[in-house]
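The structure appears below as structure tokens.
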Amino acid sequence: MAAETEAQGLTFHPMDQFKVGPLFGDALSAFSITNVTLWMAIAVLCVIVLFVLGTAKRSVVPGRMQSIAELAYGFVYKMVEDVTGHDGVKYFPYIFTLFVFIAFSNFLGLLPGAFTTTSHVAVTAVMAVMVFLFVTILGFAKNGLHFLGLFWVSSAPLALRPILAVIELISYFVRPVSHSIRLAGNMMAGHAVIKVFAAFAPLVLFSAVGYAVTPLSILAIVAMYALEILVAFIQAYVFTILTCVYLRDALHPGH
Amino acid sequence: MANTTTTATDVAEGTAEAVGHAADAAGHAAESAGMPQLDFSTFPNQIFWLLVTLVVLYFILAKIALPRLAGILADRQGRITSDLEMAQKLKDQAQEAEKAYQQALIDARSEAGKIVSAARAEIQADLDKATAKADAEIAARAAESAKRIDEIRAGAVASVSEVAKDTAEAIVAALGGKADAKSVAAAVAARMKG
């Protein structure tokens, strides 16, 4: 591939980085070890290093790793408590698991050559649907039919309420879609753009115009990379806080 | 499958063409190869491993990491609270000690005042005694002196009468008379009285 590139000019495969494939052999079954498995396992290892080994000393004055672990804990805990109220705190471990998985996948995906598991709708949709089902079942279990009050906007004029109910119902069912596509789309778009700029970078080898284009594209890669670091965190945050918001609706549909 | 290779066939044609090709290729890749995200044959694999990962992560976090972190944070909070309490206690103790010190200072000052006034009174008493003694001595000496003056005076009077007698006798003898000692004495005494 490399030889071909040099011989023939610029190559663009911005989507190649998202390909899922088995690491051993050719057969792809549900249980075969793929690059998805590899990078999810790396995420798990990172979580173990940071949250288990990093906190092993239980220092009163924390070191670097323990500080980060405490920071993440405090950040998500406060988010859950602030958004869902005190009775939402018991779901904190689930939400924290989601946050940690997404954050680590996003950041690991930024390593050159890495595979970004969260750039796949299959992955984000499963998480979003899990949240959706959990929240819906919890809503009915906690509030019974009062949960339907979520769709009956009692503060609106009576005539408008049925229309609003339809809109609310649609927006409720669109939740898992937007929830999952927001994350996957953000991760995919950023990585693809970086890859496109990266494909322009070797232009200097083929054309004199490359003297202008190559530095610009390298600059653009750096800028995009910085933005992607921000996006990696923000998308993890957004997914988590939306989960909290949905959970709050399930616990207190009156709001 | 997604290997849509764009070749800038003529390098000399320059960037405009290369950029055009690039844009084509980017669009082309998404269209013809399709996004790997929409390759449904990979879904079961991804979902399976995602669920495995989430379950593993959940157990690592919920059973080990989160209780430990909660413990660490609670410990720290407890430590901070107890340290603050301890600091308050020590502060109170320090204040108490300062109060005691001030009290001791006041006591010592009043004690010192007492001692000073006692000493002053003692000195005054000694002084009074000494003054009285000195006065008494002075009085005694004065009395003695007066007595001696009286004696001297008496002695002087006696001498005067003697001298007067002797002088009178001598005068009488010079006049050719024979002085009767008794009468001379009487005459001198009479004169001396007058």
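The values are calculated or read from the model by the stated rules, or taken from the named source; none is laboratory data. The model shown is predicted, which means the values in this text are computed figures rather than measured ones. Quick reminder, even Gly has a Cβ in these numbers, built from the backbone with ideal geometry, and neighbours come from all protein chains shown. Remember, those area values only see protein heavy atoms, side chains included, never the ligands or the DNA or RNA. Shrake-Rupley method; radii C 1.70, N 1.55, O 1.52, S 1.80 Å.
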Practice problem: Order these peptides, B:168-179, B:132-143, A:136-147, B:61-72, by their mean beta-carbon neighbour count within 10 angstrom, highest first. | Solution: B:61-72, A:136-147, B:168-179, B:132-143
Quiz item: How many percent of the alpha carbon pairs in chain A exceed a separation of 26 Å?
Solution: 54 percent
Exercise. Using only Cα atoms, locate the centre of the range B:119-162 and the centre of the range A:24-56, then give the distance between them in Å, rounded to an integer.
Key: 125 Å
Quiz prompt | Degrees, to the nearest 10: A:64-84 long Cα axis against longest axis of chain A | solution = 40 degrees
Practice problem: Go through A:Leu247, B:Leu127 and list them by solvent-accessible area, largest first, probe radius 1.4 Å. | Solution: B:Leu127, A:Leu247
Quiz item: To the nearest 0.05, what FRET efficiency results for A:Val129 and B:Leu73 with a Förster distance of 35 Å applied to their C-beta separation?
Solution: 0.60
Exercise. Could you work out, residue by residue across B:68-75, how many beta carbons of other chains sit within 10 Å of that residue's beta carbon, and then give the average as an integer?
Key: 5
Practice problem: Treat each spin label as a single point 7 Å out from the Cα along the C-beta direction, and report the A:Ser178 to A:Trp152 distance in nm. | Solution: 2.4 nm
Quiz item: With every protein chain present, what accessible area does B:Glu98 have (1.4 Å probe, heavy atoms only), rounded to the nearest 10 Å²?
Solution: 100 Å²
Self-check item: Full-stretch length increase - B:Ala97, B:Thr167 - with 0.36 nm per residue and alpha-carbon distance subtracted
Solution: 15.1 nm
Quiz item: Per-residue mean of other chain beta-carbon atoms within 10 angstrom of the beta-carbon, peptide A:227-234?
Solution: 0
Self-check item: Carbon and sulfur %, accessible surface of the range A:14-166 computed with the full protein complex present, 1.4 Å
Solution: 73 percent
Self-check item: Rounded to 10°, Cα long-axis angle of helix A:92-109 versus longest principal axis of chain A
Solution: 10 degrees
Self-check item: Solvent-accessible surface ranking, highest first, for B:Met86, A:Met40 at 1.4 angstrom
Solution: B:Met86, A:Met40
Practice problem: Rounding to the nearest 20 debye, state how big the charge dipole of the range B:55-157 is about its Cα centre with +1 on each Lys and Arg Cβ and -1 on each Asp and Glu Cβ. | Solution: 580 debye
Self-check item: Using alpha-carbon coordinates, inclination of helix A:35-47 to the longest axis of chain A, degrees
Solution: 70 degrees
Quiz item: So between B:Asp135 and B:Leu105, what do we pick up on full extension, going 0.36 nm a residue minus the alpha carbon distance?
Solution: 6.4 nm
Quiz item: Based on the Cβ-Cβ distance from A:Phe140 to B:Val55, what FRET efficiency comes out when R0 is 35 Å, to the nearest 0.05?
Solution: 0.90
Quiz item: Dividing the convex hull volume of the Cα atoms of the range B:55-157 by its residue count, what figure in Å³ per residue is obtained?
Solution: 61 Å³
Quiz prompt | Highest average packing first - B:146-153, A:232-239, Cβ atoms within 10 Å | solution = A:232-239, B:146-153
Quiz item: Which Rg and Dmax, in Å, describe the Cα atoms of the range A:142-255?
Solution: 22.8, 70
Quiz prompt | Percentage of interatomic Cα-Cα distances in the range A:168-216 larger than 16 Å | solution = 58 percent
Exercise. Report Rg(Cα)/(2.2 N^0.38 Å) for the protein assembly as shown, keeping two decimals.
Key: 2.60
